[in-house]
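The values are calculated or read from the model by the stated rules, or taken from the named source; none is laboratory data. None of these values were measured; they are calculated from a predicted model. We place every Cβ from the backbone using ideal geometry, glycine too, and count neighbours over all the protein chains shown.
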Amino acid sequence: MNKPTRTPAYKRYFRRHLVLTAAYLLAVFLTSRFVPDDAEPTPLFVALALLPGIAVIGWIWAMGRLLVELDDEFMRMLEVRKFIVATGVTLGLTSVWGMVELYTTVPRIPIFFVFPIWCAGLMIGTIVNRFAFGTDTGCPR
């Protein structure tokens, strides 16, 4: 039997993800190379700084497309559960840290870190799925 991650929907997702990752890395390289530290917000520098964010939006779109393209309802449910756990982790951590920032002099964390926190939450969601269903890749037997 094929692994669920080898379905056409996952293959398309992985291809999209690889292309978008390459675009993200190229955008970060170009932005780091051509935008000086503490640059004035000129139209060129702002446009270059937006490029990596566009790739991140692409990643989010690719995850949404995966949900649309998955034929297996159980697999779709596992992915949605991961997204819900990731969202809960992100909202919890950013809200708690935001309150600490508001009332104390701890270092401010750039908003850039919200998406990486959410991605870490996806890993936690994978673990939750494994403990809840005994699997994170398909219907348990």
Checklist entry - Can you find a residue in the stretch 49-65 that is over 30 Å from residue 80 (Cβ atoms) and among the charged types (D, E, K, R)? => result no
Item to check | Residues of the stretch 68-93 satisfying the condition of being without any contact (Cβ under 8 Å) to a residue 40 or more places away in the chain and either surrounded by 17 or more Cβ atoms within 10 Å (Cβ to Cβ) or in contact with a His (Cβ under 7 Å, 6 or more places away or on another chain) (or both) | outcome: 79, 86, 89, 90, 93
Checklist entry - Restricting attention to the stretch 4-31, which residues are crowded, with 16+ Cβ neighbours inside 10 Å and among the basic types (Lys, Arg)? => result 16
Checklist outcome for this item: Filter the stretch 42-67 for residues that are of a type in the set (Phe, Trp, Tyr) and surrounded by 13 or more Cβ atoms within 10 Å (Cβ to Cβ); the one that is farthest from residue 126 (Cα to Cα) is 45
Checklist entry - residue 137: at pLDDT below 95 and either surrounded by 12 or more Cβ atoms within 10 Å (Cβ to Cβ) or of a type in the set (Asp, Glu) (or both), yes or no? => result yes
